[in-house]
Amino acid sequence: MKLQQLRYIWEVANHNLNVSATAASLYTSQPGISKQIRLLEDELGAEIFSRSGKHLTKITPIGEEILSIASNILREVDSIKQLAQEHKSPKSGSLDIATTHTQARYALPDVIQKFIHKYPQVGLHMHQGTPVQISEKAAEGSVDFAIATEALELFSDLIMMPCYRWNRCILVPKDHPLAKLERVSLLDVAQYSIVTYVFGFTGRSKLDEAFADEGLEANVVFTATDADVIKTYVRLGLGIGIVAHMAYDAEVDTDLVAIEASHLFDSSVTSIGFRKGTYLRGYMYDFIREFAPHLTRDVIERVMAMPNRQDREAYFSDFKLPVL
């Protein structure tokens with residue numbers, strides 16, 4: 001049994017059993033991968049994949065167990081490499097982050113600027129996507145950190161730690177009727193067409209829950225993943241905008257009024273996470289600390305030692321998170 005064989009079966013499983021795509025991603029040949037998988041199965045005396053002719057069709061039950069163990073082995077091998085690299089070059093390496101547009105555009109720029117200044121030899125790569133795409137990238141190990149707000153149940157294989165709370169605001173033109181009210185109610189909001197985030201992005205579920213709890217229906221006429229796009233369509237008169245408050249810039253958005261909406265919608269929590277068993281380099285701890293100051297190295301290591309998600313959630317329940 002070779003590490004290369006374990007890498008091949010893991011990569012094939014994560015490329016939807018497409019050996020050609022796996023070969024392309026690993027810069028090797030399809031016959032070479034197929035041969036090594038067969039050799040491993042012959043050695044084990046068990047089929048990892050079911051086949052129809054030359055095509056892989058599904059992972060066998062024992063294959064699922066083998067892949068789970070292989071994943072742990074490959075992760076430990078990667079940790080050994082990271083440990084050696086940390087010893088040899090503590091301030092060089094790479095850091096891959098998967099997150100949504102809102103986090104990348106509004107929450108992370110200052111953090112990344114400081115990080116790059118401190119670690120100029122660390123290549124930092126940003127991957128934007130949906131919560132599903134973010135969780136998949138983190139689970140398969142193609143990124144180091146996942147930063148997300150919505151659908152955290154998708155991240156069950158990751159150690160997720162809360163970073164900060166944030167609220168929403170309602171964006172309207174200066175002459176809009178809502179801008180003249182002292183305190184806007186949800187019923188007031190329900191009278192207008194709404195432009196907001198796509199469901200599954202940036203706390204959108206909190207908006208839908210608020211309307212449902214009041215027996216109201218949100219008249220959402222346009223959705224987007226990008227707050228700047230939402231603001232554009234508010235300016236065009238398509239509707240009122242509901243966005244993360246951090247997405248409003250008083251110096252740039254001078255033609256719009258941001259109406260406080262924290263009393264209308266529950267706040268959302270943005271979390272950062274990584275795969276269980278990940279070896280965190282020194283600069284990785286620093287990045288997390290810069291993004292969320294309460295997540296010190298001691299706190300992170302304590303959380304990493306906790307056996308299950310419930311323990312981690314209970315630990316953070318007493319933390320007073322900052323509000324953006």
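Charge dipole of region 2-98 (Cα centre as origin; +1 on each Lys and Arg Cβ, -1 on each Asp and Glu Cβ, all else neutral): 300 debye, rounded to the nearest 20.
For region 182-193, the Karplus equation 6.51 cos²θ - 1.76 cosθ + 1.60, evaluated at θ = phi - 60°, returns couplings of 5, 9, 7, 9, 5, 5, 4, 5, 5, 7, 10, 5 Hz by residue, with Gly and Pro reported as x. Using only side-chain charges placed at the Cβ, +1 for Lys and Arg and -1 for Asp and Glu, the dipole size of the chain relative to its Cα centre rounds to 1020 debye.
Using a probe of 1.4 angstrom, how much of the accessible area of the chain is carbon and sulfur, in percent? Mind dumping the intermediate values first?
Details: 8290 of 16500 Å².
Using a 1.4 Å probe with all protein chains present, the chain comes out at 50 percent carbon and sulfur.
Computed from phi, the 3J(HN,Hα) profile of region 241-255 under the Karplus parametrisation 6.51, -1.76, 1.60 (θ = phi - 60°) reads x, 10, 9, 5, 4, 5, 7, 9, 10, 4, 7, 9, 8, 5, 8 Hz, with x in place of Gly and Pro.
What does the helix-only formula give at 222 nm for the chain: each DSSP H stretch with n ≥ 4 adding -39500 (n - 2.57), the total divided by the residues, and the result rounded to the nearest 500 deg cm²/dmol? Before the final figure, lay out each step's value.
On the way: 12 runs with 132 residues, N = 324.
Calculated mean residue ellipticity at 222 nm is -12500 deg cm²/dmol.
Name the longest site-free stretch of the chain, where the excluded sites are trypsin sites (Lys or Arg not before Pro) in a DSSP loop with no more than 16 other beta-carbon atoms within 10 Å. The partial results should precede the final answer.
Values: sites that count: 2, 54, 91, 174, 183, 276, 320.
It works out to 184-275.
Amide H contacts of residue 163: 270, 271, 272, each under 5 Å away and 5 or more positions distant or on a separate chain (H built 1.01 Å from N in the peptide plane; Pro and chain starts excluded). In the context of the full protein assembly, residue 144 retains an accessible surface of approximately 40 Å², using a probe radius of 1.4 Å and ignoring ligands and nucleic acids.
Take the chain with all the other protein chains still there, run a 1.4 Å probe, and you get 51 Å² of accessible area per residue. Rg and Dmax over the alpha-carbon atoms of the chain stand at 23.4, 75 Å. When you filter the GluC sites (Glu not before Pro) in region 103-209 for DSSP loop state and at most 11 other Cβ atoms inside 10 Å of their Cβ, you are left with 182.
The values are calculated or read from the model by the stated rules, or taken from the named source; none is laboratory data. Fair warning: this is a prediction, and the values are worked out from it, not measured in the lab. Cβ sites come from the backbone with ideal geometry, for glycine too, and all protein chains shown count toward neighbours. Remember, those area values only see protein heavy atoms, side chains included, never the ligands or the DNA or RNA. Shrake-Rupley method; radii C 1.70, N 1.55, O 1.52, S 1.80 Å.
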